[in-house]
Amino acid sequence: MQIRASLARVPVAALACALALAACKPQPGQPADAAAPAAPAAKPDAAAAAPAAAAKPTGADDNLNAVLWMQRSVEYRASAETIYRAAADKLDVALKQPNWDALVPDERGNAAKGLKPAVVMDVDETVLDNSPYQARLVRDGKEYDEVTWDAWVAEKKAKPVPGVVEFAKAAQAKGVTILYLSNRAVHLKEATLANLRSVGLPVADDSVFLGLGTVVDGCEQNGSEKNCRRLLAGKQYRVLMQFGDQIGDFVQVVANTPEGRDGLLEQYHDWFGERWWMLPNPSYGSWEAMTFNNDYSQSREARREAKRKALDVAP
């Protein structure tokens, strides 16, 4: 679920400083003091005699392993495919039960019975894989910003999350509309829909994209929370399932605190694996912001220290 327009949804490629004490720690396989090769005894030239340029140490990056796991591990692919296959198996059950609804009561403003069936899907890290963008941030020592994010979306290079195309096509074949409820801003709509179509995902028409900035009459949106847009989806559709990679993709997060998030999971625990389907995303999310009080004005070092303090080391 990729937008960093609010604290609850800010992707964080939290780039940590090098583990510094007084000087940078050598990387594995790199000696702390690499001597320059000796110049030849006969006919030395300037290039041979010049000291070898020291390799610049690569700084530790909190997002390195997460992005690498999402891009290279069979475990990530297996996890995503498992979720989408299990959801496909539940789809017929949901279709046959006229009172089945995946919206919480507070976000259902009208009766669902008799409406056309739909599934609501977050886009980023749920439907489209943006790990190349995260990888660029790791490579370049950068953090998320709207300019580079918009440029990435405009490239339309995001690939589908494993298993999603098969699920979406199976749902479409059963008469289920796919709604893309995304925190990509509305000005990214055309590029997003083009990307979705290019990877084989069904797009019924432009109205199925409900991006950040979508106006919903009578509902005031708080930051990038999606409750107003879920309410809008429920006016036209019986929502059979929701898919996301953040708790806020399913229900409004009033307080992005450990207590607030734990309370939502406890309240709706039985919905997961039935009506709600969570995709793995260790790369960024509101879970990370929670650890440093959702305050991105802090330095990287301060945010990283807060995350270290949040670790359970079983004292």
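The values are calculated or read from the model by the stated rules, or taken from the named source; none is laboratory data. Bear in mind that the values here come from a model prediction, so they are computed numbers and not experimental data. Cβ coordinates were reconstructed from backbone atoms using ideal geometry, including for glycine residues, and neighbour counts include every protein chain displayed. Each accessible area value is taken on the protein alone, full model and side chains, heavy atoms only, with ligands, DNA and RNA left out. Shrake-Rupley method; radii C 1.70, N 1.55, O 1.52, S 1.80 Å.
What the table below lists for this structure:
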quantity	calculated
HN-Hα J in Hz across region 147-164 - Karplus 6.51, -1.76, 1.60, θ = phi - 60°, x for Gly and Pro	5, 5, 5, 4, 5, 5, 4, 5, 5, 6, 9, 5, 8, x, 5, x, x, 6
Per-residue HN-Hα couplings for region 229-241 [Karplus 6.51, -1.76, 1.60; θ = phi - 60°; Hz; x = Gly/Pro]	6, 5, 4, 5, 4, x, 5, 10, 9, 8, 7, 7, 8
Ordering of 268-275, 77-84 by packing [mean C-beta count within 10 Å, highest first]	77-84, 268-275
Listed pairs 189/309; 159/307; 113/157; 142/189 exceeding 32 Å between Cα atoms	189/309; 113/157
FRET efficiency estimate (nearest 0.05) - Cβ-Cβ, residue 111 to residue 81, R0 35 angstrom	0.50
Net lengthening on full extension, residue 298/residue 186 (0.36 nm per residue, minus Cα-Cα)	37.5 nm
Candidate aspartates and glutamates for bridging to residue 235, where Cα separation is under 19 Å - those fewer than 8 sequence places away on the same chain excluded	101, 106, 107, 122, 205, 206, 217, 220, 225, 249
Full-stretch length increase - residue 206, residue 266 - with 0.36 nm per residue and alpha-carbon distance subtracted	18.0 nm
Solvent-accessible surface (1.4 angstrom probe) belonging to residue 138, in square angstrom, nearest 10	30
Extension reserve of the residue 312-residue 147 stretch, reckoned as 0.36 nm per residue once the Cα distance is removed	55.8 nm
Packing rank of 91-103, 187-199, where each peptide gets the mean count of other beta carbons within 10 Å, highest leading	187-199, 91-103
